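Colleague: I am attaching a structure below and will ask some questions about it afterwards.
Since every read-out is calculated from the coordinates, none of them should be taken as a lab result. Bear in mind that the values here come from a model prediction, so they are computed numbers and not experimental data. Cβ placement follows ideal geometry from the backbone for every residue including glycine, while neighbour counts extend to all protein chains displayed.
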Amino acid sequence: MSEDERHRSDLLYTLMDTYIKNDVLSVQESIVNHVEYTIARSRYHFDDFEAYQATAYSTRDRLIESWNDTQQYFHDQDPKRVYYLSMEFLVGRSLLNALYNLNLKGLYREALEQLGYNLEIIKERERDAALGNGGLGRLASCFLDSMATENLPAWGYGLRYQYGMFRQTIQDGFQRENPDYWLTLGNPWEIERPNVTYPVSFYGHVSAREEDGRQIFVWNPAEQVDAVAYDNPIPGYRTANTINLRLWSAKPSREFDLESFNSGDYVASILEKQNAESISSVLYPDDRTYKGKELRLKQQHFFVSATLQDILRRYTAQHGSLENFSDKVALQLNDTHPTIGIAELMRLLMDVYKWGWTASWEATTKVFSFTNHTVLPEALEQWPVELLQELLPRHMQIIYDINWRFLQELRAKFGNDQAREYRMSIIQEGDEKMVRMAHLALVASHTVNGVAEIHSELIKQTIFEDFYEMYPKKFQNKTNGVTPRRWLAFCNPPLRNLINETLGTDAWISRLDLLEGLKSHADDGEFQSRWVEVKQLAKAKLAAKIKELCGVEVSTDALFDVQVKRIHEYKRQVLNILGIIHRYDQIRNMSEEEKADVVPRVCIIGGKAAPGYELAKRIIKLISAVSQRVNNDPAVGDLLKVVFIPDYNVSLAEVIVPGSELSQHISTAGTEASGTSNMKFAMNGCLIIGTMDGANVEIAEEIGDDNIFIFGALAHEVPKLRTERADLKVDDRFAHVVRLISSGEFGYADFFTPIVDAVQGSDYYLVANDFPAYLRAQDAVDRTYKNSSIWTRMSIMSVAGCGKFSSDRTIRQYATEIWGVEPCERPRPPNAPEGY
Ligand code: NTF
C-alpha cells in the first residue's frame, strides 16, 4: 500500500467509526438524522410511525455495514457457497429481531426513551412481510436466521411479491380476503439494486443449427422482462456475519421489443410492457394446489432464471470461468416450486456457456438437492406439457431429453417394465400430458429429504417408492427446526430471563440443547411458582390481544387451549370444534355442583383458508357460529369461551405462542409432514395434545411420553381404517354433536352440510375414528391441569427437552450431510458492540 492509499484507508475507517458508534447519543443522532433526511420529517415533530421508520433506517445502516464486510470476507475466503431457493419467505417483522441479534436492543430502547418514544410501542408499527403461506415459508425464514448464526456462506433467493399473503377479516363469521399491499408505506429493510438486473425470457420458438459439428439450439423468445434485485440483510445472532436474502421484482424490459414502439401504437405498447410487473406482484395463497396457473409457472421461471444468472455471473466474475462451479456451489430446492431451475441451469450451461450435455448434466446433478414438504398427492406439482411447451419451449425440449436418458437408465436397471416406466416417467401420459416436477427434481438432485423422521420414511413407502428403489442412497431425513431467537428468546422475555437466571448463562440461545439443564429444577416448588408467574404474564398479554381483536373478555384463570395453523381438512380443525361442541353440551346440562368441578377453558382457533377452498371456509364459519352460541350462553359463563382470532400471522404468533398452555396438533397420522409450530409451543412451555404425526413423534421422544398428550390412530393403521370406515360403529357422542350441527343448533344448518357429510361419509381424515380417543386425551388434560405442580413439571420438561428442535441443528445437518459447506466467520470488528 502506498502512503496515499494508507492515508485514504485510515480516513475511511475513521469516518465509519465516528458514524456507527455504540453510545446513546450516536444512536439518537442517527435516528434523528433519518427523520430529517431520509423520511424528510421535522426532527421536532415525528409520530410513532415515523419514529419506527427512522429507527429501522438507523438499524439498517448497521446491517449494511455488516453485510458489506461479510460479503467481502466471503469473497476473499472463497468457500463453497449454498443458495436456498424458495418461492416463499414468511419473514414477519424485522426491527426487534435485528436489534436483538446485533445486541443493540438496550441501547436503542434507551436512546428512544430519552427522545420520548417507547420501542415496545413503535415496533408495533412495522407491517409483517408475509411473503409466504405458512409452514414452508416460515421454515425458510428460520433457516436464514440459522444460516447467518452458524456463519454459513449462504444466501437466500426468492420473489419480492407486492401483495403478500392476504389479510383475513371475519365478517358475520365468514372469511373475507383483503389485499396485503405491504409496501405502501415503504420498506426500510430492503436495498434496491437497480444495477443488478437480468433479462428473463418467455414464449417464442427454438431453432437449431450446426456449429463446429455440433447442434446448437437457439431460443428466440417472444417476451422478455427484467428482474431487479432487492437485498434484505439477515443478521446472525451475536456474530459479525450478516447474510443476504435477495428477492426479485419484475420490471418492463429495458431493451426488448423496441421495435414495437415504432409500429405506431406507442401508448398500447407501453401499457403492454407494464404487464411485466404482474409477474412478481402476488403470492399465490393456496399452499397445496396451483392447478396449472400460467402466471405461477411464469413466476417460477422468472425466479430461478434471475437467480441462476446471478449466481453464474458472480461466480465467473470472481473465478474468470465456470471451472469448479459444481464443487463450489450448492443449490437447495425448497419443495418443487423452483424445479424448473434444473432445466434452466442446463439451458444456461449448454446454450449460453456452450458446455456439452454430459458436462452440464454432471454439474447440474452435483449442485441440486431437493426437500419434499408434503405427502398429500394433490400438492405434487404438475404442469401441462402444452403450457410448458408454449411458455418455455427450450426447457420443454431439455426436459424431454432428460427424461429420455432417465428412461434408458431405468431400462438398464429394471429391464423392460412398462408399468414402472409409466409410473416413473417425468412425463405423465394421458389425455392431457403433464410434466411431473417432483420426478424431475428426484432425477436431477443428488439428495432428497423429508422434514421429520416419520415423513422421510413415508415418502419412501408411498409417493416416491419407485424412486427409492432406484436411488436408495439419495434419500435422507432432516427434521425441521425453528429459530430459538424469534420463537423463544425474543418473543418471551420473562421466560428467557428466568431460564438465564436458572442456567446462569444465555448461551442456550445459540446452543439449545443446554436447556436440558432445566430438568433438575422441574420438581423445585419455588422454581415452579416462578414458572407459573411467567406463564401468567404471557397469558395476560394474549388475553389483551383477544379483547382487542375479538372483543371477548377471557379469564386468565382458564386453561388457554390453542389451535392456530392453516385451515385444512387434514389438520382436523373439525375434530377440535366437535370436541368443543361436546364440552359445551356437557356443561350446559350440568348441575351447579357438577360445574364446580369443570376446568374453565378458553379455546382459541386461528388460521386462513385458501380463498378457493370452500370447505375450509365453511369450517371457519362453523367455528364462529359455535363461538357466538357458547360465548353468549349464560349457562356456561367463564367455563368455556371460544374465539376465532382473525388474520393469524407471524406477529400474532409471537403473542399467541408464549401465552398458550395447551396446543393442538391433531392431523390424521401420516398427513402432516412435520409441523413447526408444535416445536414453538413446546419451547414456550405449552403442552401438546397431538397425534403420532410429523414432528410430534420426535417431540414425544425428546421430552418424554409422560409430558405430552398423544392419542389416535397410527400412520400404518390409517390405510386399513379408511377401507373399513363404512363399517365403523360410530361413538354416540360423535353422532350427537354432528346431529347438533345438522339440526341447526348453531344456525346455518344447510351451509354446514358439506362438513357434516365429509365426516359422516367417507371421512377420509378419520375424524369419527379418532373422536373417542381425542375426548379421552382431553379428559386427561383437564385432570392434569387441576394439579398445578404436575402440569408445571410437564411444562418445564417440555422446554428442557426441546434442544433438538432448534433450526441451528437442522442447518448444521444440511450443511454437513447435504451441502458440504463449512462455516466462514468474519472476525469481530473493533467497533462491534459488547457480546456480538
Ligand atoms: C409444510 N408443507 C408441511 O405441511 C408442514 O408439515 C411442514 O412443517 C412445513 O411444510 C415445513 O416443512 C407445505 O406447506 C407444502 F407446501 F409443501 F404443502
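Colleague: What lysines sit close enough to K21 to cross-link, taking a C-alpha to C-alpha distance under 20 Å and skipping anything fewer than 8 places away on the same chain?
Modeller: Straight-line reach from K21, under 20 Å: K105.
Colleague: Still on this structure, please answer the following. With a ≥ b ≥ c taken as the square roots of the eigenvalues of the C-alpha gyration tensor of the stretch 84-200, please select rounded if a/c is under 1.5 and otherwise prolate if a/b is larger than b/c or oblate if it is not?
Modeller: Oblate, since a/c reaches 1.5 and b/c is not below a/b.
Colleague: Quick one: S660, S520, fewest Cβ neighbours within 10 Å first, how do they rank?
Modeller: Working: S660 28, S520 11.
Lowest to highest Cβ neighbour count: S520, S660.
Colleague: Once phi is turned into ³J(HN,Hα) by the Karplus curve 6.51 cos²θ - 1.76 cosθ + 1.60 with θ = phi - 60°, what whole-Hz value does each residue of the stretch 20-27 show in order, with x for glycine and proline?
Modeller: 9, 10, 9, 10, 4, 5, 5, 5
Colleague: Taking Cα pairs under 8 Å and at least six residues apart, what relative contact order does the chain come out at, in percent? Present the calculation step by step, with values, prior to reporting the outcome.
Modeller: Details: 1501 pairs, mean separation 119.7, N = 836.
This gives 14 percent for the chain.
Colleague: Taking the beta-carbon count within 10 Å as an exposure proxy, list S201, S278 from fewest neighbours to most. Walk me through the intermediate numbers first.
Modeller: Details: S201 19, S278 14.
So the ranking, lowest neighbour count to highest, is S278, S201.
Colleague: Another question about this same structure. Determine ³J(HN,Hα), in whole Hz, for all residues of the stretch 814-824 in sequence, where each value follows from phi through the Karplus function 6.51 cos²θ - 1.76 cosθ + 1.60 and θ = phi - 60°; x replaces Gly and Pro.
Modeller: Along the stretch 814-824, the couplings run 4, 4, 8, 9, 10, 7, x, 10, 10, x, 9 Hz.
Colleague: For a quick check: sort H301, H582, H319 by the number of other beta carbons within 10 angstrom, fewest at the front.
Modeller: The fewest-first ordering by Cβ neighbours comes to H319, H582, H301.
Colleague: Local charge sum around L387 (other residues, Cβ-Cβ under 13 Å, Lys/Arg +1, Asp/Glu -1)?
Modeller: Summing Lys/Arg as +1 and Asp/Glu as -1 gives 0.
Colleague: Set the Förster distance to 30 Å, then compute FRET efficiency between A208 and S762 from the Cβ-Cβ distance, nearest 0.05.
Modeller: 0.05
Colleague: Which ³J(HN,Hα) values in Hz, rounded to whole numbers, follow from the phi angles of the stretch 610-626 under the Karplus curve 6.51 cos²θ - 1.76 cosθ + 1.60, where θ = phi - 60° and Gly and Pro get x?
Modeller: Per-residue couplings from phi come out as 4, x, x, 9, 4, 5, 4, 5, 5, 4, 4, 4, 4, 4, 5, 5, 5 Hz.
Colleague: Whole Å is fine, so just give me how far the alpha carbon centre of the stretch 676-703 lies from that of the stretch 274-350.
Modeller: 34
Colleague: Roughly speaking, what is the centre-to-centre gap between the stretch 118-149 and the stretch 759-836 when only Cα atoms are used, to the nearest Å?
Modeller: If we compute the Cα centre of each part, the gap is 18 Å.
Colleague: Just add up the charged neighbours of T691: K/R +1, D/E -1, any other residue whose Cβ is under 10 Å from the Cβ of T691.
Modeller: Numbers: positive: R572; negative: E672, D693, D770.
Neighbourhood net charge equals -2.
Colleague: Still on this structure, I have one more. When the Kirkwood radius is taken over all Cα pairs of the chain, what Stokes-Einstein diffusion coefficient follows at 37 °C and 0.692 mPa s, in µm²/s?
Modeller: Details: Rh = 28.6 Å.
Taking Rh from Cα pairs, D becomes 115 µm²/s.
Colleague: With just the Cα atoms defining each centre, how far is the stretch 527-556 from the stretch 23-60? Give it in Å.
Modeller: Centre-to-centre distance over Cα atoms comes out at 33 Å.
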